[in-house]
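**Q** Attaching a single structure in structure tokens format; questions to follow.
Since every read-out is calculated from the coordinates, none of them should be taken as a lab result. Please read all numbers here as calculations on a predicted model, not as lab measurements. We place every Cβ from the backbone using ideal geometry, glycine too, and count neighbours over all the protein chains shown.
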Amino acid sequence: MKGALEKLRAQEIPQKRIVAGFDGFVDTIAKPLKRAGSSNVYFNGIGEFGAYIAGQAHKSASIELEILDHRMGGNMPNFIRGMAALGCSGKEGFRLSCIGMLGEGEIDPVFKDLPGDHYSFAPPGNATALEFADGKIFLAPRCVLSGPPAINAFVDVLKEADLIACLNWAELSFTTALWRDLQKNCAALFPDGKGPLFFFDLSDFSRRDDREIREILSIMGGFSTLGTTALSLNRNEAALLAERILPAEALMKEYGIHEVIIHSHDDARLFCGENPRGFCVPVKPVIPVISTGAGDHFNAAYSFAAMMGLEAEERLEFAVLCAGIYTARGKSPHLTDLI
């Protein structure tokens, strides 16, 4: 890792454009209380919380929440904030463009500190994130629009992109149509196959059926003739894909996706052309201050490292390092924190 960080120190951050979409939420971060009083007692983890909920069947129950924060949320805003903190914003950094659910008519005040240029097509959704020592549970209504946003309205932004991050497919009803429209527009923008890095994060797709999952994988594969494609999964998502569709290694061959990344609390793995069997980097255990947004910061760091030309295993190491710092500190790491 030291060699990779030295490379980042020596290399000037170029003038490149990052485009990310397509969600946007107002998040309430909370911890469920097992007992409240002069000294609060929290549930030990999701398992204990789940057992308590199951025990309330045919009864009535009330669970008090300790509210930790109200803030901007969603995969795209967290990804962009991770990118900006690594030194990508400003005159000498990457240009950041956010396309998503940021407000109707004007940008919602909750996103006033979101770095980059803002392009909104809908009001933000609302979500509650229940924080536990071993993970989080999101509670959110499904976001439904009358129709997908017209991606051709953002062609001038897309044509200058060096990275296009398509995030949170599963929670938004319109994303399959939007990603398909994006692929068609990018095919016209990058006909020579020398397009940007296309980075994908599906989010928790357990409620989507197999037909929908195969369809979105096929759409992602369509980007592979236009530029490099990378699919990021957490361990649960990877296990679900392996059970219902194909394991990570087979996705590359079946759908033409160039890189598949799997991250968890224990380790992170990368399957790519350099090593089809996969690189593996262990995750050092930390006492988490927050876990909401950790995966997005992992994704931002991996994409940043790819943009900076780090080798495959170095990209994975850098992403693990940044996600660990975010989880332990509760804030986005800056590049100066790492070198």
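**Q** Note down the relative contact order for region 36-178 as a percent, whole number, built from C-alpha pairs under 8 angstrom at least six residues apart.
**A** Result for region 36-178 is 20 percent.
**Q** Run lengths n ≥ 4 of DSSP H only: what is the helix-derived mean residue ellipticity at 222 nm for the chain, with -39500 (n - 2.57) per run over all residues, to the nearest 500?
**A** Rounded to the nearest 500, the figure is -10000 deg cm²/dmol.
**Q** Using the Cα atoms of the chain, I'd like the radius of gyration and the largest Cα-Cα distance, Dmax, both in angstrom.
**A** Calculated on Cα positions, Rg and Dmax stand at 19.7, 65 Å.
**Q** I would also like to ask the following. If you project the alpha carbons of region 243-339 onto their three principal axes, what span does each projection cover, largest first, in Å?
**A** That gives 39, 31, 18 Å along the principal axes, largest extent first.
**Q** How much length is gained if the chain between Ile53 and Glu66 is pulled fully straight, taking 0.36 nm per residue apart and subtracting their Cα-Cα distance, in nm to one decimal? Working shown, then result.
**A** Numbers: separation 13, 0.36 × 13 = 4.68 nm, distance 1.75 nm.
Full-extension gain reported as 2.9 nm.
**Q** Explain nothing, just the number: relative contact order of the chain, from Cα pairs under 8 Å at least 6 residues apart, as a whole percent.
**A** Once normalised by length, the contact order is 17 percent.
**Q** For region 47-128, what mean projected area does the convex hull of the alpha carbons give, in nm²?
**A** 8.1 nm²
**Q** Checking the table Lys284/Lys331; Lys16/Lys112; Lys136/Lys331 against a 21 Å threshold on Cα-Cα, which pairs fail?
**A** Working: Lys284/Lys331 18 Å; Lys16/Lys112 23 Å; Lys136/Lys331 17 Å.
Listed pairs above 21 Å: Lys16/Lys112.
**Q** Dipole magnitude of the chain about its Cα centre, charges +1 at Lys/Arg Cβ and -1 at Asp/Glu Cβ only, in debye to the nearest 20?
**A** Using only the charged Cβ atoms, the result is roughly 220 debye.
**Q** Skipping prolines and chain starts, which residues have an amide H placed within reach, meaning under 5 Å, of the one on Arg95, given they are 5 or more residues away or on another chain?
**A** Those qualifying (amide H under 5 Å, at least 5 residues apart or on another chain) are Lys16, Arg17, Ile18.
**Q** Between Ala188, Ala170, Ala133, which gets the highest mean-square fluctuation from a Gaussian network model of the chain, Cα cutoff 10 Å?
**A** Its mean-square fluctuation being the largest, the pick is Ala188.
**Q** With helices defined as uninterrupted DSSP H runs, which ones in the chain have an alpha carbon span along their own long axis of at least 15 Å and mean Kyte-Doolittle hydropathy of at least -1.0?
**A** Once both thresholds are applied, what remains is 175-189, 210-223, 294-307, 312-329.
**Q** Based on other C-beta atoms within 10 Å, arrange Ser203, Ser218 from fewest to most. Please list the in-between numbers first.
**A** Numbers: Ser203 20, Ser218 14.
Going from sparsest to densest Cβ surroundings: Ser218, Ser203.
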